[in-house]
Amino acid sequence: MFMRKGFFFLFLAGILVACNANQPPPTVEEKPVEAKKPQETNVMEQSYYALSAIKNGDMNELAAVVHPNKGVLFSPYMTVDKNRAQVFMKGQLEMILDSDKQYEWGVSAGKGDPIRLTPREYFDQYVYDVDFLETDFVTLDAMYKQTNSVENIQQAFPESTYVEYFVPGSEEFDGLDWKSLKLVFMDYEGEPHLVGIIHDQWTP
């Protein structure tokens, strides 16, 4: 009796294997390819290179690290308003500081008045208004000081990485004269490219 049961189970197993062999293999669900964030080491190197170019007013050097498709966005405050912020492509950036044209870069904190400045005036007031290159407070994907402004970098630049250069305020003004500059990078062909220059300071 045991031999008959064994034979029956072996026969049944053979049928099941044969049936499965005729069925197509199960499909593998394809996952969307995720965008890559730039490598940290390269981002830090590129941020220093970009900041040096900004300090020296060398727009050719700065344009060399700007994203070729997205250009670079300028935001006077940490909350990026893409509807008002100015974006310049690599070719536009090279001669930008020589332009006498006034652009609207956003609205001033508190009053809400339009910020209408020439590129040179904007750089002096909302880009390199303190010596960011000499600060000891440099962070990657983090802010040294929390403020009352809304931080929306990842919403404005998905899959980006940013470097913040923070300059603390003075005792004379109880630290309220602090400034920060965030350089935002996105990956392009395996290398980080600059897509945003975000200035920040105390706002009422």
Can you tell me which residues in segment 122-137 are in contact (Cβ under 8 Å) with a residue 60 or more places away in the chain and not hydroxyl-bearing (S, T, Y)?
F123, V127, D129, D131, F132, L133
It is to be established whether one or more residues within segment 172-190 are of a type in the set (S, T, N, Q), in a strand (DSSP E or B), surrounded by 13 or more Cβ atoms within 10 Å (Cβ to Cβ) and at pLDDT below 95.
no
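This table checks each residue for (1) modelled with pLDDT under 95; (2) in a strand (DSSP E or B); (3) among the hydrophobic types (A, V, I, L, M, F, W, C).
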{"position": "R120", "(1), (2), (3)": "no, no, no"}
{"position": "V138", "(1), (2), (3)": "no, yes, yes"}
{"position": "Y144", "(1), (2), (3)": "yes, no, no"}
{"position": "Y165", "(1), (2), (3)": "no, yes, no"}
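Within segment 91-115, which residues are of a type in the set (D, E, K, R) and under 20 Å from L181 (Cα atoms)?
First, pick out the residues of segment 91-115 that are of a type in the set (D, E, K, R): 94, 98, 100-101, 104, 111, 113.
Scanning segment 91-115 gives a single hit, E104.
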Just to confirm my filter: which helices (runs of 4 or more DSSP H) fall fully inside segment 1-107 and include at least 3 residues that are within 24 Å of E151 (Cα to Cα) and modelled with pLDDT of 95 or more?
40-56
Take the residues in segment 75-107 that are polar (S, T, N, Q), within 16 Å of V184 (Cβ to Cβ) and touching a strand residue (DSSP E or B) at 6+ places or on another chain (Cβ under 7 Å); name whichever of them is surrounded by the most Cβ atoms within 10 Å (Cβ to Cβ).
S75
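The values are calculated or read from the model by the stated rules, or taken from the named source; none is laboratory data. As the structure is a prediction and not an experimental result, all values here were calculated from the model. Virtual Cβ from ideal backbone geometry, glycine too; neighbours counted across all protein chains shown.
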